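I have placed the structure first, in the form of structure tokens, so that the comments after it can refer back to it.
Just so it is clear, none of the values below were taken in a lab; they were calculated from the coordinates. Here the structure is a predicted model, which means the values were calculated and not measured.
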């Protein structure tokens, strides 16, 4: 028994609605932030939900001209941690907007029937 052809108009409308929801979430994520602090509070980094570095705070005690490499490592660690948190936050927001896990959506988009 063959399946009836999908209603292309309905599919296009659903795709447009999904695109609109995702756009709204992306706009909202610009204003949501994730923060990471490393080195016992020596370096604090804030990243927004669009993966943009918003701020870096460095405790003056962390600035040692004889050990710049340690400060650089702390900054890298803080940025990476904040980026991971922002990515998780963004993924959760997207999932909430569309009502299904993103992996399911990506699987549907990647399937060729």
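Here is how the numbers come out for the structure above:
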| read-out | value |
| --- | --- |
| Hydrodynamic radius by Kirkwood, which averages 1/r over all alpha carbon pairs of the range 30-99, in angstrom | 12.7 Å |
| Mean-position separation - Cα centroids, the range 66-95 and the range 14-35, in angstrom | 21 Å |
| Whole-number percent relative contact order across the range 30-99, with pairs defined as alpha carbons under 8 Å at least 6 apart | 34 percent |
